[in-house]
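Visitor: After the structure tokens below, expect a handful of questions from me.
Every number here is computed from the coordinates shown, using simple stated rules; none is lab data. Keep in mind it's a predicted model, so treat the numbers as computed, not measured. Here the Cβ is made from the backbone with ideal geometry for all residues, glycine too, and neighbour counts use every protein chain on show.
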Amino acid sequence: MNVNEIFYSIQGESTRAGLPCTFVRLTGCHLRCVYCDTAYAFHEGHPMTVKEVAGQVAAHGCGFVTITGGEPLMQDEVHDLMTLLADAGYTVQLETSGAVDIGRVDRRVRVILDIKTPGSGMAAEMDWDNMGRLKPGDEVKVVLTGRPDYEWTREKLKDLPLPAGVPVLLSPAHGVLDPRDLAEWMKTDHLAARLQLQIHKYIWGANVRGV
């Protein structure tokens, strides 16, 4: 498999934000979101076997692992990696764009599925059937670029067939949408969602890699 980087840090997103976590970032993505902060993962990477990746994960000594990208589901071997890690007792989390079928993902893996808004430029690429493939414990993330994205998301949430136990997290695109604006909109609408900030960017800075 083609791996961009493996590093140990603090999880900056999801309901597990703030927990120490080992990240495995895979190379490649077929989307080009306007706010992408990991464009270096489109092409940079080096080949590793699944066992080599698992060995580097083990070296960090952390029981929580996030598989991310790019779009990790573009590489078929990621399924073997996630199953191997789950078999070894790790808590495994997958960050995926929502544009690739999640049906093959090991049921022990927590899926963090990103809904692409019109402001991302990639809304047409969404695989909406993924909403029915989510399970309790998975999470939905929406990155918003402004008020139009917020209103689009607010209406979408009324109709999405999300299973019970799947929280929705709204994240302002860093440096694009003021979190205070998003907070006020959510308060006004009593929106059944959680505001999420990318806390790693507030700790280490917006453009620092390996954190």
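Visitor: What does the helix-only formula give at 222 nm for the chain: each DSSP H stretch with n ≥ 4 adding -39500 (n - 2.57), the total divided by the residues, and the result rounded to the nearest 500 deg cm²/dmol?
Guide: Working: 5 runs with 52 residues, N = 211.
Helix contribution divided over all residues of the chain: -7500 deg cm²/dmol.
Visitor: For PHE7 and ALA193, calculate 0.36 nm times their separation in residues minus their Cα-Cα distance, and state this gained length in nm to one decimal.
Guide: Details: separation 186, 0.36 × 186 = 66.96 nm, distance 2.98 nm.
Full extension from PHE7 to ALA193 adds 64.0 nm.
Visitor: Same structure again: Normalising by the residue count of segment 2-204, find the relative contact order in percent from Cα pairs under 8 Å and 6+ residues apart. Spell out each step's value before the answer.
Guide: Details: 389 pairs, mean separation 35.5, N = 203.
About 17 percent, as a whole number.
Visitor: Where nothing but the Cβ of Lys and Arg (+1) and of Asp and Glu (-1) is charged, how large is the charge dipole of the chain around its Cα centre, in debye to the nearest 20? Please report the intermediate quantities before stating the final value.
Guide: Details: 21 positive and 27 negative charges, 97 e Å.
In total the dipole reaches around 460 debye.
Visitor: Please determine, in degrees from 0 to 90 and to the nearest 10, the orientation of helix 77-87 with respect to the longest principal axis defined by the Cα atoms of the chain, where the helix direction is its Cα long axis.
Guide: That works out to roughly 80 degrees.
Visitor: Kirkwood hydrodynamic radius, segment 85-207, all distinct C-alpha pairs: what's the number in Å?
Guide: On the way: mean 1/r = 0.0652 Å⁻¹.
About 15.3 Å, per the Kirkwood formula over Cα pairs.
Visitor: In segment 115-138, whose amide N lies under 13 Å from the spot 7 Å out along Cα-to-Cβ of THR15? List them in ranges.
Guide: 135-138
Visitor: About the Cα centre of segment 32-80, what is the dipole size in debye to 20, counting +1 per Lys and Arg Cβ and -1 per Asp and Glu Cβ, all else neutral? Don't skip to the answer; put the middle values down first.
Guide: Working: 2 positive and 7 negative charges, 22 e Å.
Charge dipole, segment 32-80, about its Cα centre: 100 debye, nearest 20.
Visitor: Check each of the trypsin sites (Lys or Arg not before Pro) in segment 91-145 and keep only those in coil by DSSP with at most 10 other C-beta atoms within 10 angstrom; list them in order. Please report the intermediate quantities before stating the final value.
Guide: Details: sites: ARG104, ARG107, ARG108, ARG110, LYS116, ARG133, LYS141; in loops: ARG104, ARG107, ARG108, LYS116.
Qualifying residues, ordered by number: ARG107.
Visitor: Roughly how many whole Å is it from the C-alpha centroid of segment 66-101 to that of segment 1-49?
Guide: First find each Cα centre; the distance between them is then 11 Å.
Visitor: Rounded to a whole number, what is D in µm²/s for segment 2-204 from Stokes-Einstein with the Kirkwood radius over alpha-carbon pairs (20 °C, 1.002 mPa s)?
Guide: Working: Rh = 17.3 Å.
D, rounded to a whole number, is 124 µm²/s.
Visitor: So what's the angle, to the nearest 10 degrees on a 0 to 90 scale, between helix 50-60 and the longest Cα principal axis of the chain?
Guide: That helix lies at roughly 80 degrees to the long axis.
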